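Step one of this worksheet: look at the structure below.
Rule-based calculations on the coordinates, nothing more; no lab input. For clarity, every value in this text was computed on a predicted model and none was experimentally measured. Methodologically, a virtual Cβ is constructed for each residue, glycine included, from the backbone with ideal geometry; neighbour enumeration extends over all protein chains shown.
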Amino acid sequence: MESFHKIPQLMCKTWLLTFHDYGQGQIMDTKKLGPDGPEVSALGLGTWSWGDRWYWGYGDQYGESEVEAAFQTAVDAGITFFDTAEIYGGGEAERLLGKFRQQIQTPIQICAKYVPFPWRVQSQAINAAVQGSLNRLQVNCIDLYQVLVPFNFLISQRTLFQTLATEVQAGRIKAVGVCNYNVEQMHQAHQLLAEFGIPLVANQVRYSLITRQVERQGILAAAKQLGVTVMANSPLAQGFLTGKYSPDQPPKGVRALDSRFRRANFEKRFPVIDLLRQFGKTHGRTMAQVALNWLIAQDIIPIPGAKTAKQARENAGALGWSLTPDEIAALEAASRPWL
Ligand SMILES: NC(=O)c1ccc[n+]([C@@H]2O[C@H](COP(=O)([O-])OP(=O)(O)OC[C@H]3O[C@@H](n4cnc5c(N)ncnc54)[C@H](OP(=O)(O)O)[C@@H]3O)[C@@H](O)[C@H]2O)c1
């Protein structure tokens, strides 16, 4: 009888353990993109590493079963917003995402991206790119379609956004966004789409505690003023902010060449790393969760990449709790050199 009474206690302990290990339960936090765009989870998952052999080493340390587990774990934790692009893994990331999506009942939201290659000289090339992504993703409509870089080449921004507006009107795209656009380019994109009654809902930029240039460049302030949601890519500085890498233990592959891992540069970032560790201890969270929570506190949607279930689960634990205003301010002060 006595042991029977212990069952709820044990269950509670197990749940707390899970909570402590990964810091999450079912996450329900959502955000609207732009003024009235699709509703997405307040944290996304980036799929650049899915199928990418050259940069991330897909097929070596991890493969399809690991990224499928990352997908399933994220969805189970309430992370239903997935960022992908036609070029990730030569289309493999979209193919995998499309395949995994077929196997679940839960609706997910997908952000796909158009690359303005110089040989794409006519608006039909944009229509063909949208069709390619729709096919690989096995969907009839893409929730958010973003222009990956602000290159003009032979297609003007006017033709580009006019064509994307017609894709929205045709129902093949729900909302339009951009990536890596500066203040002026974002204003222009916003204006061009407005001519067709279509809002610019998002600008995706490189933003983390050690990559804060977008603040100095006024991009965050301009996005706020225009009602454009900011999505943060590489929010963990490609693993740097998880605390698992050091000059003696740099990441493998192309990232090993990243100058941030050279001893002198790495040591300059110690104060940020120390605070992530300290605040992680206070809240029973990991450094990655603290780094992502800091971005969420700035009203940003981070889209950390995840290759495994463990990473997806851990990153989902950035939601559902908050750093204190003093902790947010301390991280801001320590990371000021990277403004
Ligand atoms: N629009 C653009 O121009 C653009 C540019 C870059 C990225 N993106 C998007 O943004 C997403 C995220 O950026 P990113 O992948 O460059 O960088 P990131 O999210 O800062 O870092 C992702 C990498 O960090 C490691 N990691 C992630 N979670 C971890 C955890 N909890 N614990 C330990 N290690 C962890 C993994 O690599 P290891 O295990 O190998 O360390 C993972 O691949 C991309 O997937 C892509 O969708 C867009």
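Mind listing just one residue for me: the one in segment 293-310 that is among the charged types (D, E, K, R) and either in a helix (DSSP H, G or I) or surrounded by fewer than 19 Cβ atoms within 10 Å (Cβ to Cβ) (or both) and, of those, nearest to the ligand (Cβ to nearest atom)? Selected residue: 310. Selection of strands (runs of 3 or more DSSP E) fully inside segment 129-216 by the criterion of at least 1 residues being of a type outside the set (Phe, Trp, Tyr), surrounded by fewer than 24 Cβ atoms within 10 Å (Cβ to Cβ) and in contact with a Pro (Cβ under 6 Å, 6 or more places away or on another chain) returns 142-147, 173-179. Name the single residue, out of those in segment 286-339 being over 21 Å from residue 78 (Cα atoms) and among the polar types (S, T, N, Q), that is farthest from the chain's Cα centre (by Cα). Ranking the qualifying residues of segment 286-339, first place goes to 324. In this entry, residue 191 is excluded by the filter for residues that are within 16 Å of the ligand (Cβ to nearest atom) and over 20 Å from residue 39 (Cα atoms). Considering segment 217-259, the residues that are at positive phi and either free of Cβ contacts under 8 Å to residues at least 60 places away in the same chain or under 17 Å from the mean Cα position of the chain (by Cα) (or both) include one that is surrounded by the most Cβ atoms within 10 Å (Cβ to Cβ), namely 238.
Here is a yes/no grid of residues against (1) surrounded by fewer than 19 Cβ atoms within 10 Å (Cβ to Cβ); (2) within 13 Å of the ligand (Cβ to nearest atom); (3) of a type in the set (A, V, I, L, M, F, W, C); (4) part of a loop (DSSP other than H, G, I, E, B):
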position: 291; (1), (2), (3), (4): no, yes, yes, no
position: 312; (1), (2), (3), (4): no, yes, yes, no
position: 323; (1), (2), (3), (4): no, no, yes, yes
position: 328; (1), (2), (3), (4): yes, no, yes, no
position: 333; (1), (2), (3), (4): yes, no, yes, no
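Within segment 222-229, is even one residue part of a helix (DSSP H, G or I), among the charged types (D, E, K, R) and more than 15 Å from the ligand (Cβ to nearest atom)? There is at least one residue in segment 222-229 that is part of a helix (DSSP H, G or I), among the charged types (D, E, K, R) and more than 15 Å from the ligand (Cβ to nearest atom).
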